[in-house]
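The values are calculated or read from the model by the stated rules, or taken from the named source; none is laboratory data. Note that the coordinates shown come from a computational prediction; the quantities given were computed from them, not determined experimentally. Please note: Cβ atoms are built from the backbone with ideal geometry, for glycine as well, and neighbour counts cover all protein chains shown.
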Amino acid sequence: MPYEKIAFVASESRQARDALLILKDRYDNVSPAEADVIVALGGDGFMLHTIHENMGRNIPIYGMNRGSLGFLMNEFLVDELSARLAKAERSELHPLRMLATDIHGNKFEGLAINEVSLLRATRQAAKIRITVDGRVRMKELNCDGVLVATPAGSTAYNLSAHGPILPIKAGVLALTPISAFRPRRWRGALLPDSAVVRFDILEKDKRPVSAVADMLEVREVNHVEVQIAHDIAVPILFDEGHELDERILMEQFTD
């Protein structure tokens, strides 16, 4: 579809700022509040920032790589931007919703495009009980941490923790331990994307744990619930032939 009102936003890097000046000089630019589409210039981190800034608005975001990483980004080209946007493939992502309660009873809510991770906060390993849809599935996981990843995030921290790569349309989440000590051979689980996962921190005073959802970190958590926010859709645009489904599939055939 054609996009007539384009908003350009950029990270603080010199590379992104230079690109912003070039594009603003070549094309009309409006504010994100007025735009039909947002063009984000930077790396994957800035793309996530832009997504969070516009979460719930249902406005498509097209990233162009002016950073060090670019899994969520398209190639930076100045010419024929309007034609590229018109032909772009649209992917809709649903973030994870994290509901965390700390040891003082304070409650926090965060959204994550890639993953929600729980991480030990001291030299001692964390001890975590895992419940899925109200049923205890693991009484005690002794580990550095554990995470729940979306298909879009399965190639990020999840993959580094030896979790599986998930196709976008698989309808599953990855539950992946981080350096599990006991059970030593547990490699995680695949869960339906309707699942509600609860983590209870055991020995929380002795073994504190932090919970992270993208840019929100909650320290000294008591328990955390994670599930897909099906009520929120995040539209992302990719150049024709380079859509997110294809990128994730190709990750399974690379070194």
Exercise for review: Taking only the range 194-231 into account, find how many residues are surrounded by 15 or more Cβ atoms within 10 Å (Cβ to Cβ) and in contact with a His (Cβ under 7 Å, 6 or more places away or on another chain).
Suggested key: 7
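Per-residue answers, yes or no, for (1) under 12 Å from Phe76 (Cβ atoms); (2) surrounded by fewer than 15 Cβ atoms within 10 Å (Cβ to Cβ):
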{"position": "Val9", "(1), (2)": "no, no"}
{"position": "Ala19", "(1), (2)": "yes, no"}
{"position": "Ile22", "(1), (2)": "yes, yes"}
{"position": "Asp25", "(1), (2)": "no, yes"}
{"position": "Ala35", "(1), (2)": "no, no"}
{"position": "Gly43", "(1), (2)": "yes, no"}
{"position": "Ile51", "(1), (2)": "no, no"}
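Which residues, counting only those in the range 119-154, are part of a loop (DSSP other than H, G, I, E, B) and either more than 18 Å from Ala213 (Cβ to Cβ) or modelled with pLDDT of 95 or more (or both)? Break it down stepwise before answering.
Initial filter on the range 119-154 (part of a loop (DSSP other than H, G, I, E, B)): 121-125, 133-134, 144, 150-154.
Passing the criteria: Ala121, Thr122, Arg123, Gln124, Ala125, Asp133, Gly134, Asp144, Thr150.
Of these, Glu80, Glu92, Glu109, Glu75, which one is over 20 Å from Thr155 (Cα atoms), among the acidic types (Asp, Glu) and within 21 Å of the chain's Cα centre (by Cα)? Explain how you work it out, then say what you get.
Working: Glu80 fails: within 21 Å of the chain's Cα centre (by Cα); Glu92 fails: over 20 Å from Thr155 (Cα atoms); Glu75 fails: over 20 Å from Thr155 (Cα atoms).
The conditions single out Glu109.
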Practice item. Any chance you could count how many residues in the range 138-155 are touching a strand residue (DSSP E or B) at 6+ places or on another chain (Cβ under 7 Å) and closer than 24 Å to Gly70 by Cα? Key: 7
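Kindly indicate the residue of the range 174-193 that is charged (D, E, K, R) and outside any strand (DSSP E or B) and also surrounded by the most Cβ atoms within 10 Å (Cβ to Cβ) among those meeting that condition. Can you show your working first?
Applying the first criterion (charged (D, E, K, R)) to the range 174-193 yields 182, 184-185, 187, 193.
With the extra rule that they be outside any strand (DSSP E or B), the set shrinks to 184-185, 187, 193.
Details: Arg184: 7, Arg185: 6, Arg187: 12, Asp193: 16.
Looking at the filtered set, the residue picked out is Asp193.
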Review point. Does any residue of the range 198-207 turn out to be in contact with a Leu (Cβ under 8 Å, 6 or more places away or on another chain), of a type outside the set (A, V, I, L, M, F, W, C) and touching a residue at least 24 places away in the same chain (Cβ under 8 Å)?
Key: no
Review point. Only one of Ala174, Ala213, Ala189 is modelled with pLDDT of 95 or more and touching a helix residue (DSSP H, G or I) at 6+ places or on another chain (Cβ under 8 Å); which?
Key: Ala174
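Report, by residue number, each residue of the range 216-240 that is touching a strand residue (DSSP E or B) at 6+ places or on another chain (Cβ under 8 Å) and in a loop (DSSP other than H, G, I, E, B). First the steps, then the outcome.
So the first thing to find is which residues in the range 216-240 are touching a strand residue (DSSP E or B) at 6+ places or on another chain (Cβ under 8 Å), and the list is 216-229, 232-240.
The answer is Arg219, Glu220, Ala229, Ile232, Ala233, Asp239, Glu240.
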**Study point:** Checking Glu240 against (1) in the same structural domain as Ile59 (by TED's automatic domain parsing); (2) crowded, with 19+ Cβ neighbours inside 10 Å; (3) not basic (Lys, Arg), the condition it does not meet
**Key:** (2)
**Study point:** Only one of Glu89, Glu140, Glu115 that is farther than 16 Å from Leu190 by Cβ and assigned by TED's automatic domain parsing to the domain that holds Arg219
**Key:** Glu140
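Would you mind finding the one in Arg97, Arg66 that is of a type in the set (Lys, Arg) and over 23 Å from Glu243 (Cα atoms)?
On the way: Arg66 fails: over 23 Å from Glu243 (Cα atoms).
Step by step, each of Arg97, Arg66 is checked, and only Arg97 is of a type in the set (Lys, Arg) and over 23 Å from Glu243 (Cα atoms).
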Exercise for review: Please specify each residue of the range 94-131 satisfying the condition of being of a type in the set (A, V, I, L, M, F, W, C), surrounded by fewer than 21 Cβ atoms within 10 Å (Cβ to Cβ) and under 30 Å from Asn58 (Cβ atoms).
Suggested key: Leu99, Phe108
**Study point:** From Gly67, Gly56, Gly63, Gly43, residue being touching a Lys or Arg at 6+ places or on another chain (Cβ under 9 Å) and closer than 25 Å to Ser154 by Cβ
**Key:** Gly43
Exercise for review: Mind listing whichever residues of the range 163-193 are out of contact with any His (no Cβ under 9 Å at 6 or more places or on another chain) and either at positive phi or not assigned by TED's automatic domain parsing to the domain that holds Glu115 (or both)?
Suggested key: Gly171, Ser179
